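A.B. asks: Sharing a structure with you now.
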Amino acid sequence: MVKGLIGWLRRDLNQSLTAGAARTPLDPPGGALWLSTWAWSSLAVGLTLWLACGYHAGFAALNEAGTVYPDWVWQWLTSIGGEGVPFVLCLFFARRYPRVFWALVLAGLVAAAFSRGLKPLFDAARPPAVLPPDSFHLIGPLHRRASFPSGHATTAAVFFGVLVYYARWSELRVLLILVAVLVGLSRVAVGVHWPVDVAVGFWGGVLAAWIGARLAARRPALATDAAVHLALVTLCGFAAVGLILGDAEYAQARPLLQALGWAALGYGVLGYLVSPLLRGLAAPRLTSRPG
């Protein structure tokens with residue numbers, strides 16, 4: 001009985017991954033154009049700010065504008081750009097869209113190399129290290145170094161960028177980009193990044209999203225490899241547990257992160273264990289007894 005259920009789970013996952021990969025084209029219409037437009041527009045904004053008004057350009061105006069909204073709004077938005085959150089969100093679609101999941105993993109590796117490589121290279125000072133405390137609005141912990149580029153903006157751009165690449169409707173693509181932009185702007189609103197950091201973070205993240213999608217297209221079989229898939233999903237599950245049990249950098253975002261962690265973990269358990277097991281128990285070949 002147990003061996004039969006394990007075999008059923010394996011076959012069920014393989015069938016699900018194969019069907020899921022078929023739902024997503026390797027080269028979706030318009031995907032590359034959307035990412036290219038987003039990436040180069042972000043770089044153009046960043047370079048224009050930097051060359052016209054300097055590295056700190058636009059911070060005071062955007063930071064002041066952010067005070068119109070409650071602090072918790074920016075804390076929630078900025079927490080979405082945390083490195084662990086996108087992997088937790090993957091549990092909601094990894095099984096149904098394994099090709100998107102695989103592209104996101106590859107894109108995340110490229111984005112991590114981009115962000116973590118440039119931060120120590122430039123080691124730029126953040127607003128709290130340059131500006132007097134009473135001259136801007138600071139929300140949450142104080143950071144002084146490693147400002148360029150914004151890691152949260154990069155993370156948001158790579159996650160939502162992959163979704164934009166594979167999305168079928170223009171309206172959904174616009175919505176995803178809008179959410180990513182709000183996450184990036186939240187880094188200015190909480191007072192820990194310059195607008196140039198955010199713009200360049202977007203550029204690197206979106207570029208990483210495109211590279212990840214192209215790499216996934218070169219190795220499509222790995223998207224449906226059950227062993228690789230389960231290993232990555234397990235890591236996402238640990239990330240969900242981390243959101244539930246870990247301390248939040250922004251206190252008012254902790255309920256949101258815990259809710260996301262519980263929801264993603266529950267959805268993953270339901271999708272990978274409960275539902276397949278129920279289908280397996282109902283299968284005649286597993287439940288029938290020899291006469």
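A.B. asks: Need the full-extension length gain, A217 to A282, defined as separation in residues times 0.36 nm minus the C-alpha distance. One decimal, nm. Before the final figure, lay out each step's value.
C.D. replies: Numbers: separation 65, 0.36 × 65 = 23.40 nm, distance 3.63 nm.
My answer for the length gained is 19.8 nm.
A.B. asks: Between region 265-283 and region 18-41, what is the separation of their alpha carbon centroids in Å?
C.D. replies: 30
A.B. asks: Could you give the size of the charge dipole of region 10-287 about its Cα centre, using +1 on the Cβ of each K and R and -1 on the Cβ of each D and E, expressed in debye and rounded to the nearest 20?
C.D. replies: With Lys and Arg at +1 and Asp and Glu at -1, about 1080 debye.
A.B. asks: Give, to the nearest whole percent, the P(r) tail of the chain beyond 31 angstrom, counting all Cα pairs.
C.D. replies: 33
A.B. asks: Ok, one more. Would you mind computing, in nm to one decimal, how far apart the modelled labels at D134 and A263 are, each placed 7 Å from Cα along Cα→Cβ?
C.D. replies: That separation, rounded to one decimal, is 4.2 nm.
A.B. asks: To the nearest 0.05, what FRET efficiency results for L142 and L121 with a Förster distance of 25 Å applied to their C-beta separation?
C.D. replies: Efficiency, from the Cβ-Cβ distance: 0.65.
A.B. asks: Can I ask one more? Which length gain, in nm to one decimal place, applies between R254 and L26 when the Cα-Cα distance is subtracted from 0.36 nm times their residue separation?
C.D. replies: Extra length available between R254 and L26 comes to 78.4 nm.
A.B. asks: May I pose another question? Please compute the contact order of the chain in relative form: average sequence separation of alpha-carbon pairs under 8 Å and at least six residues apart, divided by the residue count, as a percent.
C.D. replies: Computed over the chain, the figure is 31 percent.
A.B. asks: While we're on this one: Report the FRET efficiency, 1/(1 + (r/R0)^6), for A44 and L172, where r is their Cβ-Cβ distance and R0 is 22 Å, rounded to 0.05.
C.D. replies: After rounding to 0.05, the efficiency reads 0.35.
A.B. asks: Expressed as cubic angstrom per residue, what is the convex hull volume of the alpha carbon set of region 51-96?
C.D. replies: Measuring per residue, one finds 133 Å³ for the Cα hull of region 51-96.
A.B. asks: Determine the equivalent ellipsoid of region 77-178 by diagonalising the alpha-carbon gyration tensor, then write out the semi-axes as square roots of 5 times the eigenvalues, largest first, rounded to whole Å.
C.D. replies: 30, 16, 12
A.B. asks: With point charges of +1 on the Cβ of Lys and Arg and -1 on the Cβ of Asp and Glu, referenced to the Cα centre of region 1-136, which listed residue (P25, F122, T48) lies farthest in the positive direction of the dipole?
C.D. replies: The listed residue farthest towards the positive side: P25.
A.B. asks: Which whole DSSP H helices in the chain pass both tests: a Cα extent of 20 Å or more along the axis and a mean Kyte-Doolittle value no lower than 0.0?
C.D. replies: Correct list, ordered by number: 31-53, 98-122, 151-166, 170-189, 195-218, 226-245, 254-269.
Readers should treat all values here as calculations from the given coordinates under stated rules, not as data from a laboratory. Quantities reported herein were computed from a predicted structural model and do not represent experimental measurements. Cβ atoms come from the backbone with ideal geometry, glycine included; neighbour counts cover every protein chain shown.
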